[in-house]
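Heads up, the thing below is written out as structure tokens.
Derivation of every value follows stated rules applied to the coordinates shown; laboratory data play no part. Keep in mind that this is a model prediction, so the values were computed, not measured. Neighbour counts are summed over all protein chains in view; Cβ atoms, including those assigned to glycine, are modelled from backbone coordinates with ideal geometry.
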Ligand code: IPE
Ligand code: IPE
Ligand code: MG
């Protein structure tokens, strides 16, 4: 299946503005090769670089990836430490590259619990890439969909108690401004490599009407061709949003 740009698409659904990805399967990828799971996380970080650049080249506006969930702290400390130190290394290398490659990097999730060094790197990355327009990659780090919704509700409640808002001001249109993803349109397409048929607490509010594409390909093996396939599949979808078919 070939993908169509918005212009070529005609009757077909055009390319999404925003693609979300659950970067899953790193551990299995490594285990199948007789390597430690950490090697899979390393390979997965490289895949992120490749896919982010490819999304930018295709003219997508946002890529949002799940890098570490609020539940991933349950893993053995050695694996969590290895993921954090890979992130550290990755950000060191990326700061310059992302700016040069014209990719704005943002982080969604509670980063306040991360190490001071990592927080400093995140702040620097944010500062260096904040002026870049055109393409934004969002990295969900210590992110949980339920956590995000509860924090948003708590913040709105605080504003009500402080007399700045009244309960009736909370609507489907105003609520998203309290989420980590404030200002970012909802993803039209969610991709899950690694074959699991679940959401794992990802973007619970934002994916209400996303098309969901699951592939057995493990994240480190996910390449430009795999993304093309997902996009081509997306373009065959009849997005009804509860209404009736727009296609004959
Ligand atoms: C995803 O890969 C990366 C993180 C959750 C940090 P996994 O580590 O979950 O890989 P599998 O699912 O065990 O293969
Ligand atoms: C989801 O993958 C989280 C990330 C990819 C960061 P998991 O491997 O943690 O999900 P489960 O445990 O299979 O649901
Ligand atoms: Mg997994």
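Details
- Rounded, prolate or oblate (a/c below 1.5 giving rounded, otherwise prolate when a/b exceeds b/c) for the stretch 94-248 by Cα gyration tensor: oblate
- Highest to lowest packing among 182-195, 225-238, scored as the average C-beta count within 10 Å: 182-195, 225-238
- Distance from the stretch 153-200 to the stretch 125-142 (C-alpha centre basis), Å: 19
- Computed per residue of the chain from DSSP H runs no shorter than four, each worth -39500 (n - 2.57), the mean residue ellipticity at 222 nm is -13000 deg cm²/dmol.
- If you sort the three axes of the alpha carbon gyration tensor as a ≥ b ≥ c, you get a/c of 1.5 or more for the stretch 144-186 and a/b no higher than b/c, which makes it oblate.
- Cα gyration tensor shape of the stretch 1-133, rounded if a/c is under 1.5, else prolate or oblate by comparing a/b with b/c: oblate
- Protection proxy ranking for 170-181, 45-56, using the average of other Cβ atoms within 10 Å per residue and placing the highest first: 45-56, 170-181.
- Computed extension length for residue 154-residue 93: 18.3 nm, one decimal, from 0.36 nm per residue of separation with the Cα-Cα distance subtracted.
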